[in-house]
1. Give the stretch 67-102 a look and list any residue that's assigned to a loop (DSSP other than H, G, I, E, B), touching a residue at least 12 places away in the same chain (Cβ under 8 Å) and not aliphatic (A, V, I, L, M), or say none.
2. Here are Ala65, Ala89: which of them is at pLDDT below 80 and of a type in the set (Gly, Ala, Ser)?
3. Being in contact with a His (Cβ under 8 Å, 6 or more places away or on another chain) and not hydrophobic (A, V, I, L, M, F, W, C) is the filter; apply it to the stretch 1-13 and report the residue that is surrounded by the most Cβ atoms within 10 Å (Cβ to Cβ).
4. Does the stretch 96-105 contain any residue that is modelled with pLDDT under 75 and loosely packed, with under 12 Cβ neighbours inside 10 Å?
5. If you check Val20 against the conditions, is it within 23 Å of Gln104 (Cβ to Cβ), under 12 Å from the mean Cα position of the chain (by Cα) and at pLDDT 90 or above?
6. Only residues that are under 15 Å from the mean Cα position of the chain (by Cα), over 22 Å from Lys102 (Cβ atoms) and modelled with pLDDT of 70 or more: list them for the stretch 31-62, please.
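The values are calculated or read from the model by the stated rules, or taken from the named source; none is laboratory data. Just so you know, these numbers come straight off a predicted model, no measurement behind them. Positions of Cβ are backbone-derived with ideal geometry, glycine not excepted, and every protein chain shown enters the neighbour counts.
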Amino acid sequence: MATVTELIGQSVWDANGVWVGHVVDIRVVRNRGELKRSHTVYGLVVSQRRAPLLLGLTREREGRAPWLAKTLSRVLYAGCAFVPWPHVADHGGGEVHLGVLKDQLQRA
């Protein structure tokens, strides 16, 4: 499996081969009840504009989002699509291929 840092910036293609955009952020969920603090990838945020400063803007350590971060994320995430991880068919070779069409993706 690709690491989180390897996923950032990769091109994303839908099931028909239509370009969706680049991975600009990754959403993760913390696994509770485990001795080691581990995280599971929940989904990808994809944008047709490259914006490398999206990482970590939307949440504090406790999981809450302050008003400034919410406002800033609305501006930066405008036009972005959210891809749930189960929709990712393949993520090797520097590209992410989806099992769904671009029109079926939700706005981030």
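1. First pass over the stretch 67-102, keeping only residues assigned to a loop (DSSP other than H, G, I, E, B): 77-80, 91-94, 99-101.
Subset that is touching a residue at least 12 places away in the same chain (Cβ under 8 Å): 77, 79-80, 91-92, 94, 99-101.
Across the stretch 67-102, the qualifying residues are Tyr77, Gly79, Cys80, His91, Gly92, Gly94, Gly99.
2. Result: Ala65 is the single residue among Ala65, Ala89 that is at pLDDT below 80 and of a type in the set (Gly, Ala, Ser).
3. That would be Gln10.
4. No; the residues of the stretch 96-105 include none that is modelled with pLDDT under 75 and loosely packed, with under 12 Cβ neighbours inside 10 Å.
5. Numbers: within 23 Å of Gln104 (Cβ to Cβ): yes; under 12 Å from the mean Cα position of the chain (by Cα): no; at pLDDT 90 or above: yes.
It is false that Val20 is within 23 Å of Gln104 (Cβ to Cβ), under 12 Å from the mean Cα position of the chain (by Cα) and at pLDDT 90 or above.
6. So in the stretch 31-62, the residues under 15 Å from the mean Cα position of the chain (by Cα) come out as 39-59.
Filter once more, keeping what is over 22 Å from Lys102 (Cβ atoms): 39-40, 52-53, 55-59.
Of everything in the stretch 31-62, those that are under 15 Å from the mean Cα position of the chain (by Cα), over 22 Å from Lys102 (Cβ atoms) and modelled with pLDDT of 70 or more turn out to be His39, Thr40.
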